[in-house]
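*Asks:* Got a structure here, written out as structure tokens. Questions coming.
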Amino acid sequence: MNQTPAITVALADDQALVRAGLRALLEQQGIVVAFEASDGADLIARLADTPVDVILSDIRMPGVDGIEALVRLRAAGNSTPLMLLTTFDDSELLLRATQAGAQGFLLKDAAPEDLREAIVQVAGGQTLLQPVSTDPVRARYQYHEQHAPADAFNPREVAILRLLAGGYSNKEIARTLFLAEGTVKNYVSNILDKLGTRDRTRAVLKAITLRVI
């Protein structure tokens, strides 16, 4: 009986203890760590000789950080799915990472089973903009009463927000919900207005905080 090959990952983080902890968690979940890197430059160099299924990288590292490493890899034609580790303390970083082509974000305190599931999904071609665990996000992002209440969103807007959280484009949302792409664009504009934000990444984070999705 043939067994499905184990998923291989590259692990980049400047803290040796963090790498050791993540390696232990990954190996317990049946994920193979092909190599560890201490920064983005080391990651890029190692990938040249050791291709992997998924890259798991910290966002903030001295020298070449996770986002810069992602930009360089994509510029060099390396399309290996990359997930960034984050504490969600800076939504600007998440926006930059999305624009650079990151396939997902993962909280460093994610449960082991969530960690494995996220890696499996990204290895399978999915994009995970929404963090695997939303409770820590809500704990870190406390908004005041002037922000839109959860009941300000109708079912269609909630459905679109969930698809935005999954990384869907307007065209993909339109196809999924059987709507015109222009109609989806209008919905997205209304959603951003209600949430008081200018971009989709922050909209998703605020929607999670408000328990809209």
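*Asks:* How much length is gained if the chain between Ala20 and Lys185 is pulled fully straight, taking 0.36 nm per residue apart and subtracting their Cα-Cα distance, in nm to one decimal? Could you put the intermediate results ahead of the total?
*Replies:* Working: separation 165, 0.36 × 165 = 59.40 nm, distance 4.41 nm.
Contour length minus the Cα-Cα distance gives 55.0 nm.
*Asks:* Suppose the chain between Glu117 and Leu192 were pulled fully straight at 0.36 nm per residue; how much longer would it get relative to their current alpha carbon spacing?
*Replies:* My answer for the length gained is 24.1 nm.
*Asks:* Next question. Of the peptides 197-208, 10-21, how do they stack up when ordered by the mean number of other Cβ atoms within 10 Å, highest first?
*Replies:* Details: 197-208: 20.7, 10-21: 17.4.
So the order, starting with the most tightly packed, is 197-208, 10-21.
*Asks:* Starting from 0.36 nm per residue, how many nanometres of slack lie between Val32 and Ala76 once their C-alpha separation is accounted for? Numbers along the way, then the final one.
*Replies:* On the way: separation 44, 0.36 × 44 = 15.84 nm, distance 2.49 nm.
Taking Val32 through Ala76 to full extension adds about 13.4 nm, to one decimal.
*Asks:* Taking all pairs of distinct Cα atoms, average 1/r, flip it, and tell me the Kirkwood hydrodynamic radius of the stretch 1-78 in Å to one decimal place.
*Replies:* Numbers: mean 1/r = 0.0780 Å⁻¹.
Taking every pair of different Cα atoms in the stretch 1-78, averaging 1/r and inverting gives 12.8 Å.
*Asks:* Under a point-charge model restricted to the Cβ atoms of Lys and Arg (+1) and Asp and Glu (-1), what is the dipole moment magnitude of the stretch 161-213 relative to its Cα centre, in debye to the nearest 20?
*Replies:* Magnitude of the dipole: close to 140 debye.
*Asks:* Evaluated at 20 °C with a viscosity of 1.002 mPa s, what Stokes-Einstein diffusion coefficient in µm²/s does the stretch 8-133 have when Rh comes from the Kirkwood expression over alpha-carbon pairs?
*Replies:* Numbers: Rh = 14.0 Å.
For these conditions, the coefficient is 153 µm²/s.
*Asks:* Could you list which residues have their amide H under 5 Å from that of Phe105, counting only those 5 or more apart in sequence or on another chain, with H placed in the peptide plane?
*Replies:* Close amide H contacts, sequence-distant or interchain: Leu84, Leu128.
*Asks:* Binning every alpha carbon pair distance of the stretch 159-212 at 10 Å from zero, what are the percents per bin?
*Replies:* 27, 58, 15
Read the figures in this text as sums done on the coordinates, not as results from a lab. Small disclaimer: the values here were computed from a predicted structure and weren't measured. FYI the Cβ positions are ideal-geometry reconstructions off the backbone, even for glycines, and counts take in every protein chain you see.
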